[in-house]
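So the structure is just underneath, and the comments pick up after that.
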Amino acid sequence: MVAEIAWAPPALNHVEMVYRPGERQLALDVLGVLGCHTMDSGGIWARGLVDAGRTELAGDSNNVVYVSEVTPEQWALEVTMSAALHDGPLAGPWSAYAGRLRTEPQRSSHFGIRCPDRAAFDERLDAVRAAGADGPLAGRIELVGLYFPGDPGAVSPRLAQAFVWTDVIAAGVIALGQHIEVQLAVG
């Protein structure tokens, strides 16, 4: 029989994401831009600790984003799907869907990372803008929506929400890209 361990308080345990073959460092770079403390000790998984003040995994392993290279089978599917999305039978529907998510990223499949204060929020958004404009992440990460309470498109009266798009890591299909919400509690 396995002994149960009680963890308190409840927390998001982890998000598992994948990256393209050979893009491990880019995946870690994205997590770093988002404010995570990154760790790579080799092996299949590297990780980003959501609380950048934490520099090692505690016994609970909560609030962690894991990244690993796609399996060969997923990569074969990704390559085929990408061709169909961009030059094949899915190009029209994909263009409409991607366009909709560019204007309403809050309606995409995503997860959120909460910032502790306005300075951290602004720092992360500046880092996303800079990384997306120049260097190895140029064109691969982008701030696609910023909403403060009362703004058109804002969905919360208590959160500032910034939506980041990347095609470096995804909690699913990389060919579709991934939205990650960076948020700040306000008011």
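The values are calculated or read from the model by the stated rules, or taken from the named source; none is laboratory data. No experiment lies behind these values; they were computed from the predicted model shown. No Cβ is skipped: glycine too gets one built from the backbone with ideal geometry, and neighbour counts run over all protein chains shown.
Is it the case that Ala162 is crowded, with 22+ Cβ neighbours inside 10 Å, among the small types (Gly, Ala, Ser), touching a Phe, Trp or Tyr at 6+ places or on another chain (Cβ under 8 Å) and not assigned by TED's automatic domain parsing to the domain that holds Leu31?
Criteria met by Ala162.
Return only the number of the condition from (1) within 20 Å of Gln178 (Cβ to Cβ); (2) modelled with pLDDT of 95 or more that Pro72 does not satisfy.
Just one mismatch for Pro72, condition (1).
Can you find a residue in the range 54-68 that is free of Cβ contacts under 8 Å to residues at least 12 places away in the same chain, among the aliphatic types (A, V, I, L, M) and assigned by TED's automatic domain parsing to the domain that holds Asp29?
So far as the range 54-68 goes, yes, one or more of its residues are free of Cβ contacts under 8 Å to residues at least 12 places away in the same chain, among the aliphatic types (A, V, I, L, M) and assigned by TED's automatic domain parsing to the domain that holds Asp29.
What do you reckon, is Val79 in contact with a helix residue (DSSP H, G or I) (Cβ under 9 Å, 6 or more places away or on another chain), under 15 Å from Ile169 (Cβ atoms) and either touching a residue at least 12 places away in the same chain (Cβ under 8 Å) or in the same structural domain as Glu142 (by TED's automatic domain parsing) (or both)?
In short, no.
Could you list, in sequence order, all residues of the range 60-104 that are part of a loop (DSSP other than H, G, I, E, B) and not polar (S, T, N, Q)?
Those that are part of a loop (DSSP other than H, G, I, E, B) and not polar (S, T, N, Q): Asp60, Val70, Gly88, Pro89, Leu90, Glu104.
State whether the residues of the range 101-116 include one that is surrounded by fewer than 13 Cβ atoms within 10 Å (Cβ to Cβ) and over 19 Å from the mean Cα position of the chain (by Cα).
Within the range 101-116, none of the residues are surrounded by fewer than 13 Cβ atoms within 10 Å (Cβ to Cβ) and over 19 Å from the mean Cα position of the chain (by Cα).
Those residues that are buried (at least 19 other Cβ atoms within 10 Å of the Cβ), of a type outside the set (A, V, I, L, M) and in a helix (DSSP H, G or I), I need them from the range 20-39; list them, please.
Residue satisfying the conditions is Asp29 alone.
Would you confirm whether any residue within the range 127-146 is at pLDDT 95 or above and more than 30 Å from Trp75 (Cα to Cα)?
Yes, because at least one residue in the range 127-146 is at pLDDT 95 or above and more than 30 Å from Trp75 (Cα to Cα).
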